[in-house]
Amino acid sequence: MTKLAVHFGAGNIGRGFIGWLLVQAGYEVIFADVNEKIVAEINDQGHYEVILANAEQDRSTVKGIKAINSATETEKLASYISEAEIVTTAVGPTILPHLAEVLAKGIELRAASNRYLTVIACENMIGGSEMLKSMIVLLLSTAARSYVSGFVAFPNSAVDRIVPNQDHDNPLTVTVEPFYEWVVEEPLDEKNAPIIIGLRYVPDLTPYIERKLFTVNTGHAVTAYFGHMRNIESIEDAIHNEKVLFIVRSALEETGALLEKKFHFSHQEHQAYIDRIIERFKNPYVSDFVTRVGRSPIRKIGENDRFIQPARQFVEAFNETPKALAIAIAAAMKFEEPTDAEACALQDAIKEQGLDQAIEQYTGLKPYTKLFEKIKTSYHELV
């Protein structure tokens, strides 16, 4: 009998990373998405190609897939969830709450069984699966809650793979960088730990989540914002600019010092990790537009995201203000991109309410604290 997996999000990460690994692990994958065109293409073609962003342009064909519209076919989707062994997501942190209702319906349908289910949110956030569980449980009957406690696991996850801007004749073809990392915390019951080549279970996920978020995501965003300030179009060109590279390295030295102290990474090991990340940004085959990488600046400067969280922790760990991170946050607040709604909203807030109120509103920092004042000063100093 074919194993079934349901994956929410048929975008580039869904197809080029998580869905691909699930298919390689022997699952029939049901992609759930609101994009009717992509849903129709998956069902019409029944396969797609993944191209590695390297000189060889290595290709793999992904078969054994179907798709369903998660907005209009909820009953059918709930039925698939009721039969699945694993459910994964790659929809973005802001969309995750919208999945709770249909997941609750699917769990209710299997609540009388003793079949195990593993739900993994593969998002750029800390505690994604745990958050999803908390929302689902609120919607469940008493019987279904009991079933969840015995048979359903929501292990948190850290994922890392750069997906460049796509330009293919076939809308399903996706290009991804060769490097990837999918780390999942070990469930209490090994029956909730499906064997998937490319997925690594670890006893404590926090070091891997924060290392990735505070290095890859922070570094990528810093490259984008400073590249944008210098009218550089691509990440590749930006990271080759000496001034951009300097501020990126400076920011990652600060996050690195925090990570080394907090999780006891060796300095040599973490420096090698930073070097590897920067080399990934330099890969000409995965280069992306700085405007795309820098989009959604309000989310990126949020108190639980890639800038404010390490900056605050740095202050607590060393009792000093992280200069490069503060400058990077200021650069994010200067990100002007008319095609991005959050960038426009941020600029409007600064103009209408003033810089102080915008910093407090979007970062959660309080006025007159050293980090707040350093961001404010850096904003005025940046040209």
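Within the same chain, aspartates and glutamates fewer than 8 places from K191 are excluded, and of the rest, those with a Cα less than 18 Å from its Cα are E83, E85. Specify the longest stretch of the chain that does not include any exposed loop site, a site being one of the trypsin sites (Lys or Arg not before Pro) with a non-H, G, I, E, B DSSP assignment and at most 15 other Cβ atoms within 10 Å. The longest such stretch corresponds to 231-383. Working note: Karplus 6.51/-1.76/1.60 with θ = phi - 60° gives segment 39-52 the couplings 4, 5, 5, 4, 5, 6, 8, x, 6, 7, 10, 10, 10, 7 Hz, where Gly and Pro are set to x.
Here's how it looks for E177: its modeled amide H is under 5 Å from those of A53, I162, which are all 5 or more places away or on a different chain. Ordering Q357, V23, P284 by Cα displacement along the dipole of the chain toward the positive end leaves Q357 in first place; charges were set at the Cβ atoms of Lys, Arg (+1) and Asp, Glu (-1). Pairs of Lys residues in segment 276-383 that lie 8 or more places apart, or on two chains, and have C-alpha atoms under 21 angstrom apart add up to 22. Taking the chain as the reference, fit the longest principal axis to its C-alpha atoms, fit the long axis of helix 100-110 to the helix C-alpha atoms, and give the angle between the two in degrees, 0 to 90, nearest 10. Rounded to the nearest ten degrees, it is 30. Dimensions of the chain from C-alpha coordinates, computed as largest minus smallest value along each principal axis and given longest first, are 62, 48, 45 Å. The residues of segment 1-104 expose on average 41 square angstrom of accessible surface per residue, using a 1.4 Å probe on protein heavy atoms. Placing +1 on the Cβ of every Lys and Arg and -1 on the Cβ of every Asp and Glu, with nothing else charged, gives segment 274-383 a dipole about its Cα centre of roughly 300 debye.
When the Cα centres of segment 1-52 and segment 170-208 are compared, how far apart do they sit, in Å? What the calculation gives is 16 Å, centre to centre. Within the chain, DSSP assigns beta bridges of which about 25% are antiparallel (rounded to the nearest 5). Using the empirical formula 2.2 N^0.38 Å as the baseline, the Cα radius of gyration of segment 52-189 reaches a ratio of 1.18. Within the chain, what is the longest stretch that has no GluC sites (Glu not before Pro) placed in a DSSP loop and near at most 11 other beta-carbon atoms within 10 Å? My reading of the result: 57-319 is the longest stretch.
The angle between the Cα long axis of helix 242-263 and the main principal axis of the chain comes to about 60°, on a 0 to 90 degree scale.
Helix 74-83 axis versus longest C-alpha principal axis of the chain: approximately 80°, rounded to the nearest ten.
The values are calculated or read from the model by the stated rules, or taken from the named source; none is laboratory data. In this text, all values refer to a predicted model and were calculated from it rather than measured experimentally. Neighbour counts are summed over all protein chains in view; Cβ atoms, including those assigned to glycine, are modelled from backbone coordinates with ideal geometry. Side chains included, ligands, DNA and RNA excluded: accessible areas come from the protein's heavy atoms. Shrake-Rupley method; radii C 1.70, N 1.55, O 1.52, S 1.80 Å.
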